[in-house]
Amino acid sequence: MDRFFSLSARGTTPRTEIMAGLATFLTMAYIVVVNPGMMAAAGLDHGAAFVATCLAAAIGSALMAFLANYPIALAPGMGLNAYFAFAVVGGMGVPWQVALGAVFLSGLIFFVVSLAGFREWLINSIPFSLKLGIAAGIGLFLGFIGLRGMGLVADNPATLVQLGSLHETSTLLSCIGFVLIAGLVARGVTGGIVIGIIVTALLGVPFGLTTYHGIVSLPPSLAATFMQMDIAGAVSLGLLGIVFTFFMVDLLDNAGTLIATTHRAGLMEKDGSVPRLGRALMADSGGAMIGAVLGTSTTVSYIESAAGVQAGGRTGLTALTVAVLFLLTLFLAPLATSIPGFATAPALVLVACLMMQGLRDLAWDDTTEYLPAVVTAISMPFSFSIATGIGLGFITYALVKVVAGRAGEVHGAVWLIAALSAIKFYLGA
């Protein structure tokens, strides 16, 4: 195990990796509840969608562990599942089988361009300043999600957001959990995030906020969604725009996650490149195709993996631990769903704070470098989209360089992503 995952070389141990995997799993376990509900809204069988979600996450995470040896877990992506269910199926009236076919095609395109080295060239060509902005922006995005989960941020029709109700017991427990997790991390306690999540969940028991759902149950049948994707239907209907959207969002979201987590884990090279990037991209593109075969929307690398990185995860053993836990979730669904959202949300906010540290490495004396990075960072939470933030950042970077008379510094890959993003924004996709 030490040789295969290079544990000693990366200064970690099996116990640390397993605890890190548990931390990542607990912060992304909500997907086994949320995703089946969205798939059911699109017409898929809820039980089959639950099994597909767990299996897609397990297989995708295992691929990342064995192919790239990164502490990054995969699962059906939030945002892409909403686009699948409410925009493609619900809004356009596309049958869910055909929509799954579009997901499979986008994954196939990912896989082909990954083999060709195109995606690796594309991501490694992203300027270091934009990579820092992406990492910080995803941190802000995570922070916004976490604050909403804690109840500290609420909707407001006039100002869009406002302070949530501090009279809610769950919000107060979340605040206690945040302070506890932060304190444990500051003390250097191994597994501090996991300990904080579990303690926060237990604090909710006396108030009826943490409900014990049991331990073991047999998983539902997968037959209703397995191999039901209609590839021919996706092609015949000419759903190229839908396939393109899946492709672009998955490309940018995965790029952002890989950049953010490898930077945070200290695995990024000094020049900003990501080692073994091609293998990581093959893992997430393979995961996307497998998810469609099983019966769920696009499988992506999860930014919640940052929680495991913060807990000490540095190798694929962290991702493999997540894979095993998702497989166990098939049989331990009642127990897994006993961890409430208010207990995991504080961990996301803590990780968000830590991920903002990357901005200190920006060239603050160069407007053409720091300004696009900041635009990237602040656009993600305000648009509630990682892909949108990245797209706006690339467009800003290219245009500011041109106006400043430094167009020669803009890499061809930056122009390509900026142009594709501009087209996507114009089409309203």
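Picking from residues in the stretch 199-219 that are of a type in the set (Val, Ile, Thr) and in contact (Cβ under 8 Å) with a residue 24 or more places away in the chain, the one that is least open to solvent (accessible area, probe 1.4 Å) is Thr200.
If I go through the stretch 363-384 residue by residue, how many of them are within 24 Å of the chain's Cα centre (by Cα) and either in contact (Cβ under 8 Å) with a residue 40 or more places away in the chain or closer than 12 Å to Ala135 by Cα (or both)? Steps first, answer last, please.
Let us first name the residues in the stretch 363-384 that are within 24 Å of the chain's Cα centre (by Cα), namely 372-384.
Within this subset, residues satisfying the condition of being either in contact (Cβ under 8 Å) with a residue 40 or more places away in the chain or closer than 12 Å to Ala135 by Cα (or both) are 372-381, 384.
Within the stretch 363-384, residues that are within 24 Å of the chain's Cα centre (by Cα) and either in contact (Cβ under 8 Å) with a residue 40 or more places away in the chain or closer than 12 Å to Ala135 by Cα (or both) number 11.
The single condition from (1) open to solvent by 10 Å² or more (accessible area, probe 1.4 Å); (2) under 30 Å from Ala373 (Cα atoms); (3) modelled with pLDDT of 90 or more that Pro127 fails is (3). Looking only at residues of the stretch 331-387 that are part of a loop (DSSP other than H, G, I, E, B) and either open to solvent by 60 Å² or more (accessible area, probe 1.4 Å) or basic (Lys, Arg) (or both), we find that the one that is nearest to Phe178 (Cα to Cα) is Phe384. For the stretch 146-160, the condition holds for at least one residue, the condition being that it is open to solvent by 30 Å² or more (accessible area, probe 1.4 Å), in a loop (DSSP other than H, G, I, E, B) and among the hydrophobic types (A, V, I, L, M, F, W, C). Condition first: modelled with pLDDT of 85 or more and open to solvent by 20 Å² or more (accessible area, probe 1.4 Å). Now tell me which residues in the stretch 12-46 satisfy that. Correct list: Thr13, Pro14, Arg15, Thr16, Ile18, Met19, Leu22, Ala40, Ala41, Gly43, Asp45, His46. Every residue in the stretch 51-85 that is in a loop (DSSP other than H, G, I, E, B), open to solvent by 10 Å² or more (accessible area, probe 1.4 Å) and not small (Gly, Ala, Ser), please. Result: Asn69, Met78.
Scanning the stretch 7-27 for residues that are in contact with a helix residue (DSSP H, G or I) (Cβ under 8 Å, 6 or more places away or on another chain) and part of a helix (DSSP H, G or I) gives Pro14, Glu17, Ile18, Met19, Ala20, Gly21, Leu22, Ala23, Thr24, Phe25, Leu26, Thr27.
Among the residues of the stretch 151-170, what is the count of those that are over 14 Å from Phe382 (Cα atoms) and out of contact with any strand residue (DSSP E or B) (no Cβ under 6 Å at 6 or more places or on another chain)? Final tally of qualifying residues: 11. Can we say Phe4 is part of a helix (DSSP H, G or I) and surrounded by fewer than 21 Cβ atoms within 10 Å (Cβ to Cβ)? Judged against the criteria, Phe4 is a match. When the stretch 182-231 is limited to residues that are under 17 Å from Gly151 (Cα atoms) and either touching a strand residue (DSSP E or B) at 6+ places or on another chain (Cβ under 7 Å) or assigned to a helix (DSSP H, G or I) (or both), the one that is modelled with the lowest pLDDT turns out to be Ile197.
The values are calculated or read from the model by the stated rules, or taken from the named source; none is laboratory data. All values reported here derive from a predicted model rather than from experimental measurement. Here Cβ is always computed from backbone atoms with ideal geometry, including for glycine, and neighbour counts include all displayed protein chains. The area values use the complete protein model at the heavy-atom level, side chains included, leaving out ligands, DNA and RNA. Shrake-Rupley method; radii C 1.70, N 1.55, O 1.52, S 1.80 Å.
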